[in-house]
Structures are given as C-alpha cells and as structure tokens.
Amino acid sequence: MFITFEGPDGSGKTTQIRLLAGWLRTQGWVVVTTREPGGTRIGNGIRSLLFDIDHTEMTPRTETLLFNAARAQIVHEVIRPALQTGQIVLCDRFADSTLAYQGYGYGQDRAELGRLIGYATGGLTPDLTLYLDVHPEVGLARKQAGAGQEWNRLDAQTVAFHRAVEAGYRELIAAQPERWRVVDGEQPEEAVHQAIVAVVTGRLPVQAKERR
Ligand code: TMP
C-alpha cells in the first residue's frame with residue numbers, strides 16, 4: 001500500500017510519518033518511509049541542487065525536471081520494489097507537490113506537468129494521500145522557529161506563492177476526493193496522529209496482511 005503525505009511546509013509531515021510508521025510496525029506491518037525529493041543517492045544529490053539557497057537563477061522548468069528526475073529514481077529504486085513485496089510505503093510528498101508548487105504556485109501548465117509526472121512515475125499513483133491541513137503562515141512560522149530545520153529556496157518564496165500552493169491543493173483534493181483525506185494539522189501532535197491512525201485503519205489491505 002502506497003501512502004503519501006502532502007501539505008504546506010511546516011505542516012508536521014515528517015513527525016506524523018515517523019509516528020504512523022511506528023504504529024504500523026506495532027501492528028506487524030513492514031514499513032518503508034521515504035521522502036521527496038531525496039530518498040536515494042541520486043535523489044539526495046538532486047535535492048542539494050534544488051534547495052541551494054544560492055541557486056537563484058534556476059528556472060521553473062529546470063526545477064520541475066529535477067523534481068521529476070528525483071521522482072523517477074525513487075519510484076524505481078525504492079517505492080516499486082517495496083510495494084511488490086507487500087510492504088507499506090509512506091512517502092513525504094509525491095507528484096501532488098509538483099502540481100501544487102510548480103503548477104499552482106508557479107503557474108506552469110498542469111496538463112504538461114501531468115504528462116511529465118506520468119513519464120517519471122510510470123503511472124504509479126498513491127492509494128491514499130493524507131493532507132495535513134495547516135495555514136501556510138503557521139507552517140512557515142513553525143519551520144522558521146524549528147531548531148535544525150532546513151530553510152530552503154522554496155520556503156523563501158512569498159506568502160502569496162504559498163497561498164496559491166494551498167489553493168492548488170484544495171483543487172486537487174476536490175478533483176479526487178476518494179484518494180485524499182484531510183487531517184487538521186493544527187491540533188496537538190498526538191491528536192493528529194490518532195486522526196491519521198483512524199483513517200489508515202479503515203484502508204489497510206486486510207487480505208494482504210494475512211498473506212504476509
Ligand atoms: P520538505 O522536504 O521540507 O517537504 O521540502 C520540500 C520542498 O520542495 C517544499 O517546499 C515543497 C517543494 N517541492 C516542490 O516544489 N515540488 C515537488 O515536486 C516536491 C516533491 C517538493
């Protein structure tokens with residue numbers, strides 16, 4: 001089962017993935033956690049290129065191609081092999097981030113982005129996507145306050161950009177309500193975790209677990 005986490009920067013995805021992975025393991029599941037961009041040697045190299053705060057000349061098209069190059073690698077190297085052996089994959093961001101940030105944020109053509117994503121992923125889509133709902137301003141403030149948090153080139157965008165990204169997520173959710181679940185990410189950490197557990201419990205592939 002392939003579960004992705006989306007939301008504004010600073011919405012708590014990393015923490016919630018760690019908590020959910022821990023809970024799933026106590027239930028006997030084999031879980032792989034990973035993140036985009038990154039999660040592979042090549043992907044981590046691309047991540048450094050993308051987020052170098054000095055790379056101010058990077059065009060939106062270059063950025064889009066790099067995100068999708070990292071995605072092609074992680075799908076091939078990590079996600080598909082894990083899914084093929086019945087593991088649960090939890091991924092911190094996936095293709096929806098490209099549609100939200102490069103599409104709605106930078107205004108790039110979403111049909112073109114869709115084709116590029118299809119090429120990068122070979123058509124792999126998440127079974128479930130959890131949206132951690134946090135106001136962009138709250139997320140950015142959390143991120144700026146967080147000790148040891150990486151502050152990247154995209155975080156340095158304007159508040160208007162982050163609002164456009166959030167509005168984009170709302171459209172993506174409305175377009176595929178069966179795949180998405182929205183969780184209030186401004187609740188205390190444990191309450192967010194319990195809400196996520198409740199959603200995931202209802203979606204776990206019972207038969208697959210019996211076959212493990
Ligand atoms: P994060 O690792 O802290 O979530 O930061 C990743 C940043 O990259 C975040 O600002 C969202 C952005 N991003 C895109 O713009 N497009 C993408 O396809 C992905 C995966 C991330």
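Roughly to the nearest percent, how much of the accessible area of the chain is carbon and sulfur, given a 1.4 Å probe? Don't jump to the answer; show the numbers that get you there.
Numbers: 5380 of 10160 Å².
Carbon plus sulfur share of accessible area: 53 percent.
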Worksheet item: By its C-alpha gyration tensor, with a ≥ b ≥ c as the square roots of the eigenvalues, how is the stretch 75-206 shaped: rounded for a/c under 1.5, else prolate for a/b larger than b/c, else oblate?
Response: oblate
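If the chain between R153 and E77 were fully stretched, how many nm would it gain, using 0.36 nm times the residue separation less the Cα-Cα distance? It would help to have the intermediate numbers written out before the result.
Working: separation 76, 0.36 × 76 = 27.36 nm, distance 2.65 nm.
So the extension gain works out to 24.7 nm.
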Discussion item. In the chain, if the dipole is taken from +1 on Lys/Arg beta carbons and -1 on Asp/Glu beta carbons about the Cα centre, which of Q194, L83, G168 is farthest to the positive end?
Written reply: L83
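Working with all protein chains in place, sort H76, H135 by solvent-accessible area computed with a 1.4 Å probe, largest first.
Values: H76 135, H135 105 Å².
The residues order as H76, H135, largest area first.
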Worksheet item: Counting pairs of alpha carbon atoms under 8 Å apart in space and at least six apart in sequence, what relative contact order in percent does the chain give?
Response: 33
Worksheet, complete the sentence: Placing each pseudo-label 7 Å from Cα in the direction of the beta carbon, E178 and T56 end up separated by a distance in nanometres of 4.8
Item to complete: Report the FRET efficiency, 1/(1 + (r/R0)^6), for E112 and H135, where r is their Cβ-Cβ distance and R0 is 25 Å, rounded to 0.05.
Response: 0.25
Discussion item. If packing is taken as the average number of other Cβ atoms within 10 Å across a peptide's residues, how do 192-200, 124-132 rank, most packed first?
Written reply: 124-132, 192-200
Worksheet item: For the chain, what does -39500 (n - 2.57) per DSSP helix run (n ≥ 4), summed and divided by total residues, give at 222 nm, in deg cm²/dmol to the nearest 500?
Response: -15000 deg cm²/dmol
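Could you give the accessible area per residue of the chain, probe 1.4 Å, as a whole number in Å²? Could you put the intermediate results ahead of the total?
Values: 10160 Å² over 212 residues.
I get 48 Å² per residue for this part.
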Practice prompt. Would you mind putting 90-96, 185-191 in packing order, based on average other-beta-carbon counts within 10 Å, highest first?
Written response: 90-96, 185-191
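How much length is gained on full extension from A21 to V206, taking 0.36 nm per residue of separation minus their Cα-Cα distance?
Details: separation 185, 0.36 × 185 = 66.60 nm, distance 1.73 nm.
Between A21 and V206, full extension yields 64.9 nm more.
The values are calculated or read from the model by the stated rules, or taken from the named source; none is laboratory data. None of the values given here were measured: they were computed from a predicted structure. Glycine gets a Cβ as well: all are built from the backbone with ideal geometry, and neighbour counts include every protein chain shown. All accessible areas refer to the heavy atoms of the entire protein, side chains included, with ligands and DNA or RNA removed. Shrake-Rupley method; radii C 1.70, N 1.55, O 1.52, S 1.80 Å.
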